[in-house]
Amino acid sequence: MTADDRAGIAWHIPSAQILRLGEIPKADTPVGGTWERLLLISDLVRDSYVIQMDSDSVTLHEIPEVLKYVEENCSFTLLGKGSFPAAEPMPDACDRAKRNGQRGMEPQSVTERSLDRFPNCAEFKYVRGCSAFAGFARGSFTKNDIEFFSRNMELICGSAKWHEWGSEQVTSNLIVANSPKPNALQHPKYTSYYALPEVDYSNSSFIHFIGTYRYKNSFYSSVARQVIRELNSNPWKQGDFDQCTAVGCDNLSK
């Protein structure tokens, strides 16, 4: 991050605080792969409602559901592609993953097929979310909760697999699902961009431009310019976001 990058952020958000990875205390979890982000949130959530938001996302329209969840101190997550639209008991989520034929070997697919091996799994819930946009209710979890889920998932999946990219998202899903009042933002109003022809993304309120799909149809650059024009004509006032803390970065480990 260059001096110009920092100056630009400070101009737009004067109260922004930028932390380096080394400033975030380690825990009994993998290192890198956005794990530090979740650990930081576990500290911030003691006193604040915290929203995690990737930088490759654009808010096009009003987001009343998010404002409601913040006001009512409810956790939420963006749904993954083809996800069941709610938090559900772990055994049900596991059965669903097996029935849907999820055969991928990335940490999320492997763990979702193994949720029935989690200790006392019937006492816990899971939501197949995407950590690109998630809200964590004030007081909803601690670093101990992160370590608890991580240690057990590592025992189930194996250390090598759990230390691959993607395991942090699974833990984020577990944290949201087992919060007192979990919620899932409904597709396609809140969505990741897969350039699906049957989806009218112009009507979506929030879009996460995932991976290489962000380059499809020049849609990302088009809507980003549109929103910039709207913000320039009606800029938000400093203090509009005082009621919560936002943690945002696309791949904090870089």
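A short reminder: the numbers here are calculations on the coordinates, not readings from a lab. All values reported here derive from a predicted model rather than from experimental measurement. Heads up, the Cβs are rebuilt from the backbone with ideal geometry, glycines too, and the neighbour counts pull from every protein chain shown.
Miscellaneous remarks
- Placed amide H near K125: partners under 5 Å, 5+ positions off or other chain: M90
- Phi angles across the range 195-205 convert, under the Karplus curve 6.51 cos²θ - 1.76 cosθ + 1.60 with θ = phi - 60°, into 3J(HN,Hα) values of 6, 6, x, 7, 9, 8, 5, 5, 8, 6, 8 Hz, Gly and Pro given as x.
- Rounded D (µm²/s) - the range 49-106, Kirkwood Rh over Cα pairs, Stokes-Einstein at 10 °C, 1.306 mPa s: 111 µm²/s
- Positive-end extreme of charge dipole, the chain - chosen from S221, T29, G104 (charges on Cβ): G104
- Shape box of the range 16-152 [Cα atoms, principal axes, largest first, Å]: 44, 38, 27
- Summing Cβ point charges (Lys, Arg +1; Asp, Glu -1) relative to the Cα centre of the chain gives a dipole of roughly 440 debye.
- MRE, 222 nm, helices only [DSSP H, n ≥ 4, -39500 (n - 2.57), over the chain, to nearest 500]: -10000 deg cm²/dmol
- The relative contact order of the chain, computed from alpha carbon pairs under 8 Å that lie at least 6 residues apart in sequence, is 33 percent.
- Backbone HN-Hα couplings from phi across the range 177-192 [Karplus 6.51/-1.76/1.60, Hz, Gly and Pro as x]: 4, 9, 6, x, 9, x, 9, 10, 6, 7, 6, x, 4, 10, 7, 9
- Amide proton proximity set for K181, modelled H, under 5 Å, gap of 5+: S75
- Cα gyration tensor shape of the range 80-169, rounded if a/c is under 1.5, else prolate or oblate by comparing a/b with b/c: rounded
- Spatially near lysine pairs across the chain, Cα under 18 Å, sequence gap of 8 or more or different chains: 9
- Under the Debye formula (equal points on every Cα, no solvent term), log10 I(q)/I(0) of the chain at q = 0.10, 0.11, 0.15 Å⁻¹: -0.49, -0.60, -1.15
- Sequence-distant residues sharing a close amide H with S57 (under 5 Å, placed H): F209
- Shape class for the range 131-187: oblate, because the ratio a/c of the largest to smallest gyration tensor axis (alpha-carbon atoms, square roots of eigenvalues) is 1.5 or more and b/c is at least a/b.
- Here the 3J(HN,Hα) profile of the range 130-136, calculated from phi with Karplus coefficients 6.51, -1.76 and 1.60 at θ = phi - 60°, is 10, 6, 5, 8, 8, x, 10 Hz, Gly and Pro shown as x.
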